[in-house]
Amino acid sequence: MKPVLAIAIGLACTASTVLAQDRPTTDQARLELPRVVLEGVPFEGWVVAEGTAPGDSLSFTVTIAGAAQPVSRGMVAGGDSVKVTGLSLERAGIGVTLGTPAGSTTAQTRVLPSWLSVLPSLIAITFALLFRQVVMNPLTAIVRTIDKYIVEAITDPNNAQILIFTFLLGGMVGIISRNGGTHGVVDSITRHAVGPVRGQLAAYVMGLLIFFDDYSNTLIVGSTMRPVTDGLNISREKLAYIVDSTAAPVASIALIGGWIGFEVGLIDSALEPLNLGVEPYVLFVQSIPYRFYPILALVFVFMVIVTNRDYGPMLAAELRAHREGEVLRQGANPASDFDAEILNPIEGRPRRWWNALVPIGTVAAITLIGMYITGREAVLAAGDPDLGLQNVVANGDSFSSLIWGSFAACVVAAVMTLSQRILSLEETMAAWVAGLKAMLFACIVLTLAWSIGAITVEIHTAGYVVSLLTGNLDPRLLPVLVFVMCAFVSFATGTSWGTMAIMMPVVVP
């Protein structure tokens with residue numbers, strides 16, 4: 001493959017790891033600063049007490065070198081730390097001074113021009129658009145990318161669970177493709193989904209039904225409906241649009257689910273210092289009618305399907321599929337590939353739709369049960385008396401539940417296949433492994449997206465974007481500007497949850 005995200009990640013990596021963070025100390029305290037900060041963009045530091053007995057307190061002041069007034073004054077208990085906000089350096093060479101009764105010391109950090117923070121994302125996006133590739137061969141600049149950002153991306157517990165879930169679901173799809181279950185679903189749906197419009201509506205309805213998690217929605221609906229839409233000469237681009245524009249929107253306005261639990265937690269954290277007496281979940285529910293983007297996205301998908309009025313590149317893709325029978329454009333490189341010969345059903349063996357739907361239903365059922373069980377345990381452990389369904393599911397561990405659901409689905413698919421003697425044990429395992437392999441490219445893309453997201457956090461891309469608008473905002477423009485900022489941060493970092501975590505503390509107050 002040609003070079004893409006790797007170059008952007010490598011450039012950012014080189015910029016952000018040239019200088020290690022010093023940790024200057026006095027006899028009793030240490031000042032910790034980020035390894036990299038941006039000119040004029042506020043950042044946070046930490047005063048860490050050292051050499052002070054537990055229970056004793058130490059007074060401190062934090063001052064930007066050359067400034068007349070301290071940025072912060074306070075007390076820090078022995079063995080504890082205090083966050084210092086509002087720090088800002090206008091140029092390289094300026095330090096931050098920590099003063100205590102034992103003396104003072106100045107901490108230095110690397111100061112980068114603010115505009116550099118948007119380069120990794122802009123380079124990645126530009127290269128992806130120019131070369132139509134999102135993965136590239138590593139070059140020299142990628143050495144630190146491999147040993148730091150990619151390693152951290154795949155060792156992060158949540159990311160690792162998503163990768164495992166993705167691979168396991170791919171294995172399940174491999175089995176149900178080989179045992180004829182997927183083709184059985186295709187045969188059943190195509191008898192009723194006569195024509196492209198009904199086929200697209202089937203994908204749309206499935207996307208609405210799997211509302212509890214956007215990851216499982218995308219993978220389940222995409223994997224199940226791909227053979228159906230292929231048979232109806234619906235382009236892969238159109239299927240991707242339908243799946244993507246239902247998965248996250250429906251997950252973001254559902255009343256229960258892992259997405260909602262995460263978001264309510266962020267709202268709670270943002271409301272806490274405001275002392276408004278507002279319940280975060282109530283505020284979330286009240287906000288649903290004003291969630292114009294997800295609501296209109298769902299409405300617009302439906303309108304595009306029933307009116308059969310495509311536009312732009314999607315229109316070209318649909319014309320290609322209808323006129324030439326090519327659901328994929330020439331030279332396309334799908335993120336997952338279930339078209340290998342080993343995943344085709346064996347001639348003469350039964351194609352039963354339930355061999356696909358039962359494992360898929362297992363994913364949904366076990367995931368919801370897992371979220372309830374883990375959520376109940378979390379609520380009880382926190383001493384919360386509210387054991388209502390919403391509170392329990394909102395506190396559930398969606399990532400672990402998805403792994404349990406996908407693993408159980410693999411077992412169910414294998415047992416059903418073997419019990420009906422459709423495939424031998426060797427053939428079943430070969431199909432499972434082929435399904436894992438089919439998801440490899442998608443997992444590589446995910447890992448690179450997480451890596452560049454980590455880099456943008458480290459070089460404060462979001463902080464720079466926010467600082468451009470702070471203090472220069474007409475309140476009437478707030479909604480549209482927040483939308484634009486969120487769109488940029490989401491596109492740059494590759495994560496909706498990360499965008500919420502960045503923007504909620506800024507916007508809610």
*Rank Cys486, Cys443 by accessible area, highest first, at a 1.4 Å probe radius?*
Cys486, Cys443
_Segments 377-383, 362-368, 170-176 sorted - mean Cβ within 10 Å per residue, highest first_ = 170-176, 362-368, 377-383
*Counting only residues 5 or more places away or on other chains, whose amide H sits under 5 Å from the amide H of Ile210 once H atoms are built in the peptide plane?*
none
*What are the residues whose amide H is under 5 Å from the amide H of Leu112, where those residues sit 5 or more places off or on another chain and H is modelled from the backbone?*
Val37, Leu38, Glu39
*Return the tail of the calculated pair distribution for the stretch 320-438, meaning the percent of Cα-Cα pairs more than 18 Å apart.*
66 percent
*Sequence of Lys83, Lys437 from largest to smallest accessible area, 1.4 Å probe*: Lys437, Lys83
*Take Tyr311, Tyr293 and sort them by solvent-accessible surface of the protein heavy atoms, 1.4 Å probe, largest at the top.*
Tyr293, Tyr311
*Cβ-defined net charge surrounding Arg320, 13 Å radius [Lys, Arg +1; Asp, Glu -1]*: -1
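The values are calculated or read from the model by the stated rules, or taken from the named source; none is laboratory data. What you see is a predicted model, and the numbers here were worked out from it, not measured in a lab. Heads up, the Cβs are rebuilt from the backbone with ideal geometry, glycines too, and the neighbour counts pull from every protein chain shown. With ligands, DNA and RNA removed, areas are computed over all heavy atoms of the protein, side chains included. Shrake-Rupley method; radii C 1.70, N 1.55, O 1.52, S 1.80 Å.
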